[in-house]
Amino acid sequence: IGKIDMERRQQLAQHHTASHIINGAAKRILGKHVWQAGAAKTLEKARLDITHFESLSEKEKDEIEFAANQIVKENIPVIKKMMERGIAEKEYGFTIYQGGAVPGKILRIVEIPGVDVEACGGTHLDLTGDVSRIIVLKTTKIQDGIVRIEFVAGRAAEKYLEEKESKIIKLTELLECEEHEIPARAQELFELWKKVVKKKEKIS
């Protein structure tokens, strides 16, 4: 007897669908040359490796996140269908193989109209709106021509924000200041620490 852990399945589906959304968003922001070079999804977070000729700026990272969340808000249907390889290639082209070569004569095509289409066997949501929210954590150039985008979506994104808020509250308590004063207060304490260290070095 098998039983599906629906909470786990939902989170993986959110991360899997979000990777297709980010791929489409990255193409919109960076250009048509973007191609999926790899991906990984866990319950905690996910990553998408894309082809791009340079590291992403903070502005580009934010623009991809914004574009991805616009796609989420549009609540676009996520279409899953089985197609003969030749028919799928004729209709969509070879971009369906962004996730890598897929064996067999029949392919499972996952399409988010106007956003992304791939041959993919992963678990997916029915609507982009079910992703709820996408937060891009960071981007890294991992080798020449390949940029990694790390992100959280759905419940994992909510958990990330909850933990971030908890850390901010602890910092305001430790530093005895308001949230907007944290950077200045931290800098002030750092400068004070440097003076103390230098003073001790002179004495010794």
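Laboratory data are not the source of any read-out in this text; all were calculated from the coordinates shown. Keep in mind it's a predicted model, so treat the numbers as computed, not measured. Ideal geometry is used to build each Cβ from the backbone, glycine not excepted, and the neighbour counts take in all protein chains shown.
Which number comes out as Rg/Rh for the stretch 106-204 once both Rg and the Kirkwood Rh are worked out on C-alpha atoms?
For the stretch 106-204, the value is 1.23.
Distances over 17 Å make up what percent of all Cα-Cα pairs in the stretch 35-137?
I get 59 percent for the Cα pairs in the stretch 35-137 exceeding 17 Å.
Remind me, relative contact order of the stretch 134-196 in percent, using alpha carbon pairs under 8 angstrom and six or more residues apart?
Relative contact order comes out at 19 percent.
How many nm is it between the label spots at PHE94 and LYS167, if each spot is 7 Å from the Cα in line with the beta carbon?
The answer from the label model is 4.3 nm.
Give a quick list of GluC sites (Glu not before Pro) in the stretch 138-204 that DSSP marks as loop, anything other than H, G, I, E or B, with at most 14 other Cβ atoms within 10 Å.
Qualifying residues, ordered by number: GLU176, GLU178.
Which of the trypsin sites (Lys or Arg not before Pro) found in the stretch 14-111 are loop residues per DSSP with 15 or fewer other Cβ atoms within 10 Å of their Cβ?
LYS32, LYS105
At 0.36 nm per residue, minus the direct Cα-Cα distance, what do GLU181 and ASP5 gain on full extension? Give it in nm, one decimal, please.
59.0 nm
For the chain, with the dipole built from +1 on Lys and Arg beta-carbon atoms and -1 on Asp and Glu ones, taken about the Cα centre, which of ILE142, ILE112, ALA184 lies farthest toward the positive end?
Projecting each Cα onto the dipole axis, the largest value belongs to ILE142.
Loop only by DSSP, 15 or fewer other Cβ within 10 Å of the Cβ. Give me the GluC sites (Glu not before Pro) in the stretch 1-92 that pass, ordered by residue number.
Answer by residue number: GLU44, GLU54, GLU74.
Rounded to the nearest 500 deg cm²/dmol, what is the calculated helix-only ellipticity per residue at 222 nm for the chain, with -39500 (n - 2.57) per DSSP H run of length n ≥ 4?
Mean residue ellipticity at 222 nm (helix-derived): -15500 deg cm²/dmol.
Sorted from largest down, what three extents in whole angstroms do the Cα atoms of the chain have along their principal axes?
Taking max minus min along each principal axis of the Cα atoms, the chain gives 79, 43, 33 Å.
In whole angstrom, note down how far apart the Cα centers of the stretch 15-71 and the stretch 105-134 are.
14
Where the only charges are on Cβ atoms (+1 Lys, Arg; -1 Asp, Glu), what is the dipole of the chain about its Cα centre, to the nearest 20 debye?
Dipole of the chain, to the nearest 20 debye: 640 debye.
Using a cut-off of 13 Å between beta-carbons, work out the net charge of the residues near GLU150 (Lys and Arg +1, Asp and Glu -1, GLU150 not included).
Within the 13 Å Cβ shell, the charges total +4.
Take the Cβ-Cβ distance between GLU84 and LEU192 as r, set R0 to 45 Å, and report the resulting FRET efficiency rounded to the nearest 0.05.
The formula returns an efficiency of 0.05 here.
GLU44 to GLN70: extension gain in nm, 0.36 nm per residue of separation minus the Cα-Cα distance?
Using 0.36 nm per residue and subtracting the Cα-Cα distance, I get 7.1 nm.
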